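Peer 1: Pasting in a structure now, in structure tokens, and then I'll have a few things to ask.
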Amino acid sequence: MGRAEERGQLGYIGIRHEGAASFAASGYAKLSGRPAACLAIAGPGSTNLLTGLYDAKVDGAAVIAISGHTPPSVASIDAAAALLREARRPVIVAGDGARAGLAELLSLAERMSIPIPTTFRAKGLVPDDHPLAAGILGRSGTPVASWLMNEWDLVLVVGASFSNHTGIATYKTLVSHRPRPGNHRAVQRGQRVGAGRCATRADDPGHGHRAWPKGPRPAP
């Protein structure tokens with residue numbers, strides 16, 4: 001699709017919400033008599049398309065809906081691993097979308113002794129008695145998680161959004177599943193950086209024992 005856009009064969013209009021995109025495609029089809037396409041990531045992004053697609057169905061408008069994920073490239077994974085190796089004090093923020101890859105995420109954290117605060121929606125994802133559990137981040141969160149966000153130099157975000165309630169500091173160096181504006185490096189250009197493959201590249205005996213700096217610690 002990107003190549004078709006470069007050749008002038010395809011026009012792309014960025015819309016902030018998937019529901020608005022499907023309504024826009026429906027409206028275009030009704031007014032022009034030509035089909036239009038809307039696209040979204042799998043999961044909630046695609047379900048947001050449904051209302052506009054139903055509008056098109058009721059009025060007989062031709063709309064093409066494209067859904068799916070783009071797998072991460074080897075270069076993206078290598079870049080993420082390099083950032084983890086270089087970081088002095090990385091932290092992993094686990095969101096609700098990290099549930100499917102929890103075993104890999106914990107393996108990465110345990111290999112490199114990286115603390116894991118979670119978002120409010122992911123509360124309980126990492127057991128409270130886990131030695132690397134670091135509370136809940138965000139407005140409804142815990143002091144230790146906020147302290148970690150302020151003090152640590154690299155934030156690996158897995159399965160979390162960047163809403164205001166989440167409390168992820170975008171001025172930090174971030175490794176995330178989607179690019180965000182601000183002073184950070186968005187390594188992934190598609191779905192997410194696979195925690196297991198990232199751990200394989202980042203795992204280094206010299207990076208396996210980071211000490212918690214002075215400050216609040218999670219309750220035992």
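Peer 1: Taking the Cα centre of each part, how many Å lie between the range 85-164 and the range 4-29?
Peer 2: Using only Cα atoms to place each centre, the spacing works out to 35 Å.
Peer 1: May I ask you to list the residues of the range 23-40 whose amide nitrogen lies under 15 Å from a point 7 Å from Cα along the Cα→beta-carbon direction of residue 54?
Peer 2: Under 15 Å, as judged by backbone N against the label point of residue 54, lie 23 of the range 23-40.
Peer 1: On to the next question. What nm distance separates the two modelled labels at residue 96 and residue 16, each placed 7 Å from Cα along Cα→Cβ?
Peer 2: Going by the 7 Å Cα→Cβ label model, 2.2 nm.
Peer 1: Also, I was wondering about something else. What length, rounded to one decimal in nm, is gained on full extension from residue 7 through to residue 129, with 0.36 nm per residue of separation minus their alpha-carbon distance?
Peer 2: 38.4 nm
Peer 1: Tell me, what is the percent relative contact order of the range 96-151, built from C-alpha pairs under 8 Å that lie six or more residues apart?
Peer 2: Relative CO of the range 96-151 lands at 27 percent.
Every read-out reported here was derived from the displayed coordinates using simple, explicitly stated rules and does not represent laboratory data. All values reported here derive from a predicted model rather than from experimental measurement. Every residue, glycine among them, receives a Cβ derived from its backbone with ideal geometry; neighbour counts consider all protein chains shown.
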